[in-house]
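Single-structure report; data block below.
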Amino acid sequence: MKTRTILAIALGLGSLAACNKSANEQAADNYEANADNAADMMESNMDNAADQMTANAENASDAMKAAADNQSDAMKNAADNKADAMTNNSQ
């Protein structure tokens with residue numbers, strides 16, 4: 001029982017000692033925390049921007065491929081129609 005009491009008191013005193021920082025130390029800790037938060041936010045924003053740019057590039061690429069496929073299909077259909085018309089005229 002005494003050991004537990006001594007450990008609890010020691011732990012409590014250690015916690016109080018850790019909280020007893022000077023104003024300069026607290027200001028330095030706050031500055032460091034703010035700088036870390038700003039860096040984390042900047043990293044997150046950059047990741048989001050990169051993801052958005054990748055998605056935009058993929059969408060543009062898909063649209064370009066679809067337009068090329070549509071044009072190719074239209075040209076093939078026109079050629080088929082012309083061939084059919086020539087076949088029908090020769091019969």
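What tally of residues in region 41-91 results from selecting those that are among the β-branched types (Val, Ile, Thr) and either modelled with pLDDT of 95 or more or surrounded by 10 or more Cβ atoms within 10 Å (Cβ to Cβ) (or both)? Can you show your working first?
Step one: filter region 41-91 for residues among the β-branched types (Val, Ile, Thr), giving 54, 87.
Checking the rest, the ones that are also either modelled with pLDDT of 95 or more or surrounded by 10 or more Cβ atoms within 10 Å (Cβ to Cβ) (or both) come to 54.
Residues that pass the stated criteria total 1.
Looking at Asp62, Asp80, Asp36, Asp47, which one is in a helix (DSSP H, G or I) and over 27 Å from the mean Cα position of the chain (by Cα)? Reasoning before the result, please.
Values: Asp62 fails: over 27 Å from the mean Cα position of the chain (by Cα); Asp36 fails: over 27 Å from the mean Cα position of the chain (by Cα); Asp47 fails: over 27 Å from the mean Cα position of the chain (by Cα).
On inspection, the qualifying residue turns out to be Asp80.
The values are calculated or read from the model by the stated rules, or taken from the named source; none is laboratory data. Owing to the predicted nature of the structure, the values given are computational and were not obtained by experimental measurement. Ideal geometry is used to build each Cβ from the backbone, glycine not excepted, and the neighbour counts take in all protein chains shown.
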